[in-house]
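Everything below concerns the one structure shown next.
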Amino acid sequence: SAEALYLIDVENIRVYHNNLVGSPAILIDNHILIDVRNNILSTTNDYCFESFDPVAMADLDYNIYYISGAFGDAVRFGTAIYATLNDWQTTGPGGYDQNSISGNPVFVNGLHVSSSITEDIATTNILDSIAYDFDGEARPYGAGNDIGADEKIAAANDAIAIGLISPVSCGDSA
């Protein structure tokens, strides 16, 4: 498969509030001052984030890292490979992704997410405010912005069955 986002020979680029699913999710090469925040970075058996050049990023934080296959890694930064987000956070250079998390965003119909993992944890301290999600819903909904392209909206007056009290049995009991 192919990378979801490939940036080459770029500078001063801001990548905010995206659902990036690819192999790798993001690939950058020959870059200066790239700012990557509030994104879902998902791959199967590749890298969530890959940079050929281990040069400083403007910022890299408040992202969700998800590897669905058995052979993927969280980050490749230059020649260094970090298998998990925790490895990257604790031993990688620059203190990147300190507020990022790893987990399954549970995509529904491509861009929508059904997991609560994305909710209300994105930073609002970004240069360009993203007022609406990919399908026109206002941000934030709730206490804060959601990570990714979709601002998860809870259905009003939503209900869920938690148990069945009666009847005790159904159908023919003979």
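Annotations for the structure displayed:
- Residue that is surrounded by fewer than 21 Cβ atoms within 10 Å (Cβ to Cβ), under 19 Å from Thr79 (Cβ atoms) and at pLDDT 95 or above, where the choices are Asp46, Asp53: Asp46
- Some residue of segment 11-27 being of a type in the set (S, T, N, Q), open to solvent by 20 Å² or more (accessible area, probe 1.4 Å) and part of a strand (DSSP E or B): yes
- Lone qualifier among Ser68, Ser42 - being in contact with a strand residue (DSSP E or B) (Cβ under 8 Å, 6 or more places away or on another chain), in contact (Cβ under 8 Å) with a residue 60 or more places away in the chain and of a type in the set (Gly, Ala, Ser): Ser42
- The requirement of being open to solvent by 60 Å² or more (accessible area, probe 1.4 Å), at pLDDT 85 or above and not in a loop (DSSP other than H, G, I, E, B) is fulfilled nowhere in segment 116-128; no residue meets it.
- Scanning segment 70-77 for any residue that is open to solvent by 20 Å² or more (accessible area, probe 1.4 Å) and at pLDDT below 95 turns up at least one such residue.
- Residue check for Ala56: touching a residue at least 12 places away in the same chain (Cβ under 8 Å), more than 27 Å from Ala131 (Cα to Cα) and touching a helix residue (DSSP H, G or I) at 6+ places or on another chain (Cβ under 7 Å): yes
- Members of segment 89-101 found to be without any contact (Cβ under 8 Å) to a residue 24 or more places away in the chain and under 17 Å from the mean Cα position of the chain (by Cα), listed by number: Gln89
- Meets criteria (assigned to a strand (DSSP E or B), farther than 24 Å from Ile130 by Cα, touching a helix residue (DSSP H, G or I) at 6+ places or on another chain (Cβ under 9 Å) and in contact (Cβ under 8 Å) with a residue 24 or more places away in the chain) for Ala74: yes
The values are calculated or read from the model by the stated rules, or taken from the named source; none is laboratory data. This one's a predicted model, so the numbers in the text were calculated from it and none came from an experiment. Using ideal geometry, Cβ is built from the backbone for each residue, glycine included, and neighbour counts are taken over all protein chains shown. Side chains are part of the model used for accessible areas, which takes the heavy atoms of the whole protein and leaves out ligands, DNA and RNA. Shrake-Rupley method; radii C 1.70, N 1.55, O 1.52, S 1.80 Å.
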